[in-house]
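First the structure, in the form of structure tokens, and then the observations on it.
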Amino acid sequence: MDLSGRLALVTGGNRGIGRAIAIALADAGVDVALTYRVREAEARQTQADVEARGRRSLCVQADVSRGDDVAILVKHVEAALGPIDILVNNAGAIRPLALDAITERDWDEMHTVNLKSAFLVTQAVVPGMRARRWGRIINLSSVAAQLGGVVGPHYAAAKAGLFGLTHAYAALLAKEGVTANAIAPALIATEMVTSNPRATPALIPVGRFGAVEEVADVAVTIARNGYLTGQTFNVNGGWYMS
């Protein structure tokens, strides 16, 4: 399917996997809005890279775990660039902790940043997708949801919640031209992974960290295909096989 002229919103699109997805979508002819919470310079650079590919772009500072920020974000993007066709829920955070060091506050933070944010942004853009009978929801989960990972149960549980969220939207919207899928990467070479001493390529059967472009390639494939919905795409070097 030709994606030319579609508009994507990539949360946390200023760096890492989000940045790679934003650029890959631009290469596929998609205009891209992206969010960042801090590190504005990186967001501006991603915006410039999208525009260098001949696509329109916008970067917006927002905390997507807050409903009021999300409402303002979506209105701003739609006013500037038009209706949102593709949503990539990529914004998230990790906090590696030993099992006995995890507090209630850590649990709440991981679920707010990694799970609640995806719900809030999806709820804000889905009405427009349903009205136009076309939309793509792509949620970035993690191999941690399948194997436990190297961060901790607070993070693994939040990322597992994205599977349920994905399945619910996929089932509810299947007849309305809107698909919902998840990507579950493992140990992709980003700052979040390389700063974690427990993350090592030795855990991966193929013997290396993944590249952000390998995840981005899958995201573009999902966006192009209207027959894929309710699925999890494992980009993990063979760590978890299904």
The stretch 127-159, subset touching a helix residue (DSSP H, G or I) at 6+ places or on another chain (Cβ under 7 Å) and of a type in the set (Val, Ile, Thr), residue farthest from THR194 (Cα to Cα): ILE137
Among the candidates VAL151, VAL125, residue that is surrounded by 20 or more Cβ atoms within 10 Å (Cβ to Cβ), closer than 28 Å to ILE72 by Cα, under 20 Å from the mean Cα position of the chain (by Cα) and aliphatic (A, V, I, L, M): VAL125
Of residues in the stretch 214-242 being surrounded by 12 or more Cβ atoms within 10 Å (Cβ to Cβ) and among the aromatic types (Phe, Trp, Tyr), the one nearest to LEU172 (Cα to Cα): PHE233
ARG95 basic (Lys, Arg), outside any helix (DSSP H, G or I) and at pLDDT below 95: yes
Restricting the stretch 2-46 to residues that are surrounded by fewer than 24 Cβ atoms within 10 Å (Cβ to Cβ) and in contact with a Ser or Thr (Cβ under 6 Å, 6 or more places away or on another chain), the residue that is nearest to VAL178 (Cα to Cα): GLY29
Filtered residue count, the stretch 182-213, keeping only those that are outside any loop (DSSP other than H, G, I, E, B) and surrounded by 16 or more Cβ atoms within 10 Å (Cβ to Cβ): 10
Near pairs, Cβ below 8 angstrom, 6+ apart or cross-chain, from the stretch 181-202 (closer than 24 Å to THR232 by Cα) to any residue that is acidic (Asp, Glu): ILE188/GLU214
Single match in THR229, THR179 (criterion: under 18 Å from the mean Cα position of the chain (by Cα), polar (S, T, N, Q) and in a loop (DSSP other than H, G, I, E, B)): THR229
Some residue of the stretch 160-178 being without any contact (Cβ under 8 Å) to a residue 60 or more places away in the chain, among the hydroxyl-bearing types (Ser, Thr, Tyr) and touching a Leu at 6+ places or on another chain (Cβ under 9 Å): no
Single residue of the stretch 47-68 satisfying the filter (within 16 Å of LEU120 (Cβ to Cβ) and out of contact with any Ser or Thr (no Cβ under 9 Å at 6 or more places or on another chain)) that is surrounded by the fewest Cβ atoms within 10 Å (Cβ to Cβ): ASP68
Single residue of VAL77, VAL121, VAL60 found to be in a strand (DSSP E or B) and not charged (D, E, K, R): VAL60
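The values are calculated or read from the model by the stated rules, or taken from the named source; none is laboratory data. Note that the coordinates shown come from a computational prediction; the quantities given were computed from them, not determined experimentally. A quick note on method: Cβ atoms are made from the backbone with ideal geometry, for glycine too, and the neighbour counts reach across all protein chains shown.
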